[in-house]
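The values are calculated or read from the model by the stated rules, or taken from the named source; none is laboratory data. Nothing here was measured: the structure is a model prediction, and the numbers come from that model. Ideal geometry is used to build each Cβ from the backbone, glycine not excepted, and the neighbour counts take in all protein chains shown. Accessible surface areas use protein heavy atoms only, side chains included; no ligands, DNA or RNA. Shrake-Rupley method; radii C 1.70, N 1.55, O 1.52, S 1.80 Å.
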Amino acid sequence: MRHYHHPDSVRAAESPLIAALPDGALMRRAAYGLAGVCARELADRTGGTSGRRVTLLVGSGDNGGDALFAGAFLRRRGVAVEAVLLAPDRAHAAGLRALTRAGGRVVTAPSRPDLVVDGIVGISGRGALRPEAAELVDGIAAPIVAADTPSGVDVETGVVHGPAVTAAVTVAFGALKPVHALAPARCGRVELIDIGLALPPDRSARELRAYDDADLAALWPVPGPADDKYSLGVLGVVAGGATYPGAAVLATGAAIRATSGMVRYAGTARAAVLAAWPETVASDDVADAGRVQAWAAGPGMGVDAAAADRLARVLDQDLPTVLDADALTLLAEHPGLLAGRTAPTVLTPHAGEFARLVGPAGNDRVAAARDAARELDATVLLKGHVTVIAAPDGTVVADTAGSSWAATPGSGDVLTGLVGKLLASGLAPLDAAACGARVHGLAAARAADGAPTHAAAISAAVPSVVRTVLPD
């Protein structure tokens with residue numbers, strides 16, 4: 001699992017290290033790592049470092065010092081280094097001396113560099129780039145390597161309020177920060193370098209975390225020698241209807257592909273489901289579905305009185321349940337449907353559904369999801385390019401496997417089936433939502449393979465993704 005630490009936690013961890021080390025040693029560690037990444041980037045892009053040109057964009061803070069010291073290290077590798085000082089009177093003095101002694105130059109504008117280092121602002125920076133910095137960045141054609149975080153992007157939320165850096169690579173110093181998960185398009189590839197920080201996982205509400213393939217391998221349900229079709233969890237699916245029978249087919253199919261346990265379908269798209277998935281145990285009504293360990297409800301089920309009645313009967317069973325699409329619309333209209341439930345509930349809204357439930361998410365999607373989870377006493381999976389999953393206790397997970405290719409009709413139905421099946425298999429709601437979202441994102445990327453895809457192909461890719469992450 002990856003942990004993304006709040007800037008205050010990072011600063012607190014730096015303080016004793018700074019006090020214990022010689023003056024400037026921690027900055028030089030960061031700069032050495034930054035220089036190493038820049039050298040590799042130059043070699044990969046241009047075939048070498050000798051004679052290549054690097055421009056440093058240097059602000060007045062410690063990130064400017066990191067960039068200047070990195071420039072001095074690069075000069076020793078034969079790189080021509082120039083620095084544009086955005087605040088000449090407040091540039092880091094020791095870093096500037098190191099650069100000029102190594103043969104680096106101070107200039108007023110970049111001169112066709114092969115690579116640019118963003119050292120404008122660091123984790124204390126707030127707001128968009130100032131006009132002078134914005135003009136410089138706007139005129140750059142070379143790839144940018146950001147020192148710790150891309151300047152102009154909010155470190156805690158990943159929000160951009162105006163001009164900001166778009167990096168090809170971001171070099172994280174000592175710890176990952178929330179921006180590295182929440183703004184992948186701005187950060188580019190993130191490389192974490194060790195500078196000696198002692199930063200254990202922060203269990204407070206300020207920490208963001210992300211599941212990785214090791215978490216999937218540890219949590220994904222795998223049948224043992226004593227298992228059968230019931231012991232891996234039976235999921236009940238309430239989805240689809242005369243208007244959207246495909247939603248039932250997609251949600252049911254994803255659940256079948258997620259694990260080897262049974263899936264029961266209860267709804268009015270029974271014929272379509274059985275035609276596509278004959279192994280499904282299907283009925284026309286929730287009352288006739290039989291025994292299940294969890295429910296997945298909502299995709300294409302409709303929002304009329306009959307659909308509201310079906311949803312109420314599902315929720316009255318007080319079993320782990322994931323709700324999506326029409327179920328969320330019904331829940332917004334009838335919030336009392338969740339009253340009295342003690343079993344876990346997972347809600348999977350997109351931005352519009354989220355707004356109907358609790359109001360617009362706004363710029364800070366982490367805070368919005370966390371507040372909604374507490375208010376609704378449910379695990380909230382807020383869909384997006386970076387999906388944010390919040391538990392009622394304040395824990396927040398970012399899905400870093402998200403893919404824009406997943407933004408296609410029916411994709412959410414597939415996710416509902418995946419999360420529901422994991423709930424039925426006994427996973428905790430946060431684990432089910434996070435693992436389901438990660439496999440869904442990986443499956444979307446695999447199905448697309450760099451080109452448009454569709455929901456059925458995303459579902460079809462699920463077994464191969466699971467096969468890849470599970471140990472042999």
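If you check Thr408, Thr387, which single one turns out to be within 10 Å of the chain's Cα centre (by Cα) and either modelled with pLDDT of 95 or more or closer than 22 Å to Met301 by Cβ (or both)? Working first, answer last.
Numbers: Thr408 fails: within 10 Å of the chain's Cα centre (by Cα).
Result of the check over Thr408, Thr387: Thr387.
With the requirement that a residue be surrounded by fewer than 20 Cβ atoms within 10 Å (Cβ to Cβ) and under 25 Å from Ala308 (Cβ atoms), what does the stretch 242-267 give you?
Ala242, Thr243
Pairs please, first residue from the stretch 245-259 and over 15 Å from Val439 (Cα atoms) and in the same structural domain as His440 (by the TED database), second anywhere and among the polar types (S, T, N, Q) and modelled with pLDDT of 95 or more, Cβ atoms under 7 Å, 6+ apart in sequence or on different chains.
Pairs that qualify, where the first residue is over 15 Å from Val439 (Cα atoms) and in the same structural domain as His440 (by the TED database) and the partner is among the polar types (S, T, N, Q) and modelled with pLDDT of 95 or more, are Leu250/Ser459; Thr252/Thr280.
Which condition number does Val190 fail, the rest of (1) under 21 Å from Val58 (Cα atoms); (2) open to solvent by 10 Å² or more (accessible area, probe 1.4 Å); (3) in contact (Cβ under 8 Å) with a residue 12 or more places away in the chain; (4) not in a strand (DSSP E or B) being met?
(4)
Assess whether Ala91 counts as being of a type outside the set (Phe, Trp, Tyr) and either touching a Pro at 6+ places or on another chain (Cβ under 7 Å) or open to solvent by 10 Å² or more (accessible area, probe 1.4 Å) (or both). Spell out the reasoning first.
Working: of a type outside the set (Phe, Trp, Tyr): yes; either touching a Pro at 6+ places or on another chain (Cβ under 7 Å) or open to solvent by 10 Å² or more (accessible area, probe 1.4 Å) (or both): yes.
It is true that Ala91 is of a type outside the set (Phe, Trp, Tyr) and either touching a Pro at 6+ places or on another chain (Cβ under 7 Å) or open to solvent by 10 Å² or more (accessible area, probe 1.4 Å) (or both).
Considering only the stretch 343-377, state which residues are of a type in the set (S, T, N, Q) and either touching a helix residue (DSSP H, G or I) at 6+ places or on another chain (Cβ under 9 Å) or outside the structural domain of Thr321 (by the TED database) (or both).
Once the filter is applied, which keeps residues that are of a type in the set (S, T, N, Q) and either touching a helix residue (DSSP H, G or I) at 6+ places or on another chain (Cβ under 9 Å) or outside the structural domain of Thr321 (by the TED database) (or both), the stretch 343-377 yields Thr345, Thr348.
Output the number of residues of the stretch 28-57 satisfying the condition of being part of a helix (DSSP H, G or I), open to solvent by less than 30 Å² (accessible area, probe 1.4 Å) and of a type in the set (A, V, I, L, M).
7
Tally up the residues in the stretch 221-240 that are in a loop (DSSP other than H, G, I, E, B), open to solvent by less than 10 Å² (accessible area, probe 1.4 Å) and touching a Ser or Thr at 6+ places or on another chain (Cβ under 8 Å), please. Spell out the reasoning first.
In the first step, residues of the stretch 221-240 are kept if they are in a loop (DSSP other than H, G, I, E, B); the result is 221-234, 239-240.
Among the residues that remain, those that are also open to solvent by less than 10 Å² (accessible area, probe 1.4 Å) are: 233-234, 239-240.
Imposing the further condition that a residue be touching a Ser or Thr at 6+ places or on another chain (Cβ under 8 Å) reduces the set to 233, 239-240.
Residues that pass the stated criteria total 3.
So which residues in the stretch 334-367 are among the hydrophobic types (A, V, I, L, M, F, W, C) and in contact with a strand residue (DSSP E or B) (Cβ under 8 Å, 6 or more places away or on another chain)? Reasoning before the result, please.
Filtering the stretch 334-367 for residues among the hydrophobic types (A, V, I, L, M, F, W, C) gives 337-339, 343, 346-347, 351, 354-355, 357-358, 361, 366-367.
Correct list: Leu338, Ala343, Val346, Leu347, Ala351, Phe354, Leu357, Ala361, Val366.
Quick one: would you say Ala444 is without any contact (Cβ under 8 Å) to a residue 40 or more places away in the chain, in a helix (DSSP H, G or I), among the small types (Gly, Ala, Ser) and surrounded by 19 or more Cβ atoms within 10 Å (Cβ to Cβ)?
Details: without any contact (Cβ under 8 Å) to a residue 40 or more places away in the chain: no; in a helix (DSSP H, G or I): yes; among the small types (Gly, Ala, Ser): yes; surrounded by 19 or more Cβ atoms within 10 Å (Cβ to Cβ): yes.
It is false that Ala444 is without any contact (Cβ under 8 Å) to a residue 40 or more places away in the chain, in a helix (DSSP H, G or I), among the small types (Gly, Ala, Ser) and surrounded by 19 or more Cβ atoms within 10 Å (Cβ to Cβ).
Considering only the stretch 240-287, state which residues are within 20 Å of Ser464 (Cα to Cα) and among the polar types (S, T, N, Q).
Once the filter is applied, which keeps residues that are within 20 Å of Ser464 (Cα to Cα) and among the polar types (S, T, N, Q), the stretch 240-287 yields Thr252, Thr259, Ser260.
Checking the structure you have, find out if any residue of the stretch 269-291 is within 21 Å of Lys383 (Cβ to Cβ) and open to solvent by less than 40 Å² (accessible area, probe 1.4 Å). Walk me through how you get there before you give the answer.
At the first step, the residues of the stretch 269-291 found to be within 21 Å of Lys383 (Cβ to Cβ) are none.
For the stretch 269-291, residues within 21 Å of Lys383 (Cβ to Cβ) and open to solvent by less than 40 Å² (accessible area, probe 1.4 Å): absent.
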